[in-house]
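What follows is a set of notes on a single structure, which appears directly below.
Each value in this text was obtained by applying a stated rule to the coordinates, not by laboratory testing. The structure presented is a predicted model; accordingly, all values stated were derived computationally and were not measured. Using ideal geometry, Cβ is built from the backbone for each residue, glycine included, and neighbour counts are taken over all protein chains shown.
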Amino acid sequence: MGNESSTQSARPRNRRGEGARLREDIVAAAVELLDETGSESAVTLRSVARRVGIAAPSIYRHFPDQPAIMLAVVQQAFDQLEAQLRAAVDAAGEDPRARLLAFCHAYLGFSEDHPERYRTMLGGVWVPVLQDTAVTQEDMATLGMAPLHLLADVLAECAAAGLAATDDPWADAVALWLGLHGLAHQRAVTIAFPWPEGIADRLISTLAHLKSQGPSDH
């Protein structure tokens, strides 16, 4: 009890949380810094501690180093992406084609609504040196797999309904994701480009091998 009291008195009074909540506050502060600056380098132990209102050493109870904080930020972002994608797919109803299109447009929408976060997730802004951090290769390998599996499932639904000519939904889902990511990235970095009307639907239809339903298809 005595040690706990002395530790508390040594910290700033305006700290935002303690225990499990403190970990959430650390991640939230890192997300704020990332969104504000667009730079992973702005997320340091000191800057995060200052934003939360704690002493920097207090972070080590929850995160061994800065890349571990960034991993938590990126994991949270992928969780948010997955939740938005599942909500879009569910809202699209039972038609497999509508569900696939809903997924793809929700993905592109996320990249536009959260550009700095998206660049950190998938744009190469954050690439930890694994031998210098507690972050593992397995940690990195599992990032973003849940949304990708969801895409493969939705594409498989299209194939089962005879709406897509794919014999390997997983491989084609990866190809489609690469196409969506490429479009999202180019939209973010291109200042002026005459994007053809319906380019997203054209890309989706091609990479998903969707069968034509009429002249309105791209």
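Seen against the Cα atoms of the chain and their longest principal axis, helix 96-113 is set at about 40 degrees.
For the chain, a crude dipole built from +1 on the beta carbon of Lys and Arg and -1 on the beta carbon of Asp and Glu, taken about the Cα centre, is about 940 debye to the nearest 20. For the chain, the longest principal axis of the Cα atoms and the long axis of helix 20-37 meet at an angle of about 60 degrees. In this simple spin-label model, placing a label point 7 Å from the Cα along the Cα-to-Cβ direction at both Gln131 and Ala87 gives a separation of 4.3 nm. For the chain, the residue among Cys104, Ser205, Ala68 whose Cα projects farthest onto the positive side of the dipole built from Cβ charges is Ala68. Using the Cα centre of the chain as origin and beta-carbon charges of +1 (Lys, Arg) and -1 (Asp, Glu), tell me which of Ala55, Leu122, Trp170 is placed farthest towards the positive end of the dipole. Value: Ala55. Annotation for region 81-134 versus region 165-218: alpha-carbon center distance of 15 Å.
His185 to Arg61: FRET efficiency via 1/(1 + (r/R0)^6), r the Cβ-Cβ distance, R0 41 Å, to the nearest 0.05? E between His185 and Arg61, to the nearest 0.05, is 0.65.
Taking GluC sites (Glu not before Pro) across region 23-94, the ones in a DSSP loop with at most 15 further Cβ atoms lying within 10 angstrom of their Cβ are Glu94.
Among the GluC sites (Glu not before Pro) in region 133-218, those located in a DSSP loop and surrounded by at most 13 other Cβ atoms within 10 Å of their own Cβ are Glu197.
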